[in-house]
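To keep things clear, I will list the structure first and then write my remarks on it.
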Amino acid sequence: MQITPTRTFDNALLTPYRQKGDAAADAVVEQLGAEGGRAALGEFMRFLGTAEHLSVDAQPAFVQAFFEIHNRLPSFADRERMAKGMDFFWRYNDRIALILGCYSLPYCYAAADGAQVLWFSQRIKNDTFKRLEETGEFVYGIMQERDWRNGRNGIRILKIRLMHAVIRYFTKHAEAWNSGWGLPINQEDMAGTNLAFSYIVIRGLRKLSVYTEDSREADFLHFWSVVGALLGVEERLLPLNLREAYHLDRTIFQRQFKTSEAGIGLTKALIKVLQQQAAPPALRDFPLAQMRFLLGNDVAELLNVPQVPLEEGIIKFASQVPFFQKLFRPPGASSPVLEKYGR
């Protein structure tokens, strides 16, 4: 049996990707802007931001063509492995939800240059709860196997891809944008975000003493590599296995992780929402403790995550309380996301 060598990811490879966006999606947005100006792009953003609206019939012909061309799985996709990856999610979804809120998202914020576009657009800063609710809607939505068969998940993902392109369009033309940060939502940053929802989740489960078979973890990683490809991440930046994911994460960490006003501000906004959802008040320190435990002290310090005096054993026990899922509903109400997508 031939063994595929592990690919490496170094500065020579990743540096050019900081100036590379998503040519196909960017072309759609450029055409919309050229034909209809800011008004057309604003209306398009409203369509893209409405999760339940999955019909593209009212969109211009060239937008419909984009969805038709790109709503298909990449050549490397394995439907059986994708199904196993979704099963992995549902088996541990309570803890994965917590990991997303207390580990994956702040981990992204520690990549200082990539965090700038989130801070610059003010989408998370000004309406943190809504943005995180959208994240939950997206993640739980694409974990529905039936929606991979009927094409709805492809539309969900392509809408996010085009939203990234609109944000990229407006941000790169803004006078205050620093080109030294790279192109907004560039390939390296998209690859890092994909890792945060896949490899970092696996690492978070291990930190919470949830150990599974390597093959199950690899299937979950494969699922997110398929999602990454649909989101416009180039295949060279999508890990084929857990070892490649480790190496890609290490390189991005060494290149991009440092303290920044953007990272600190985004983390502060996230913490505020997590604490608001962690009722009663006696539990308010648990999200902070879990965030520091999962991130590790070095990354937590980059983000100014406060220290709280809780023992590791208590933190791991509290991981069974799904704080992040509470972001999907207002206090006292049922969870629309879990009612809609839960198994």
Worksheet entry | Principal axes of region 11-256: Cα extent on each, largest first, Å | 52, 41, 35
Worksheet item: Which FRET efficiency, nearest 0.05, do LYS20 and GLU52 yield, Cβ-Cβ r, R0 41 Å?
Response: 0.80
Worksheet item: Helix-derived [θ] at 222 nm for the chain: sum -39500 (n - 2.57) over DSSP H runs of at least 4, divide by residue count, nearest 500?
Response: -19500 deg cm²/dmol
Response to the item:
Placing +1 on each Lys and Arg Cβ and -1 on each Asp and Glu Cβ in region 11-256, then taking the dipole about the Cα centre, the residue among HIS53, THR193, ILE99 whose Cα reaches farthest towards the positive end is ILE99
Discussion item. Using Cβ contacts closer than 10 Å as the measure, can you line up ASP127, ASP26 from fewest to most?
Written reply: ASP127, ASP26
Worksheet, complete the sentence: All alpha-carbon distances of region 63-108, grouped into 5 Å bins from 0, give the whole-percent distribution 5, 17, 13, 14, 14, 20, 13, 3
Discussion item. Quick check: residue separation of TYR246 and GLU234 times 0.36 nm, minus the Cα distance between them. What number comes out in nm?
Written reply: 2.5 nm
Item to complete: Please report Rg over Rh for region 34-114, where both radii come from the alpha carbon positions and Rh follows the Kirkwood definition.
Response: 1.08
Item to complete: Quick one: net charge around ALA111, please, counting Lys, Arg +1 and Asp, Glu -1 for every other residue with C-beta under 12 Å from its C-beta.
Response: -1
Worksheet item: Taking region 74-134 on its own, what percent of its Cα-Cα pair distances exceed 18 Å?
Response: 54
Worksheet entry | Size of electric dipole in region 11-256: Cβ of Lys, Arg +1 and of Asp, Glu -1, about Cα centre, debye, nearest 20 | 420
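Laboratory data are not the source of any read-out in this text; all were calculated from the coordinates shown. On a predicted model such as this, the values are computed, not experimentally measured, just so you know. For neighbour counting, all protein chains shown are included, and Cβ atoms are generated from backbone atoms with ideal geometry for every residue, glycine included.
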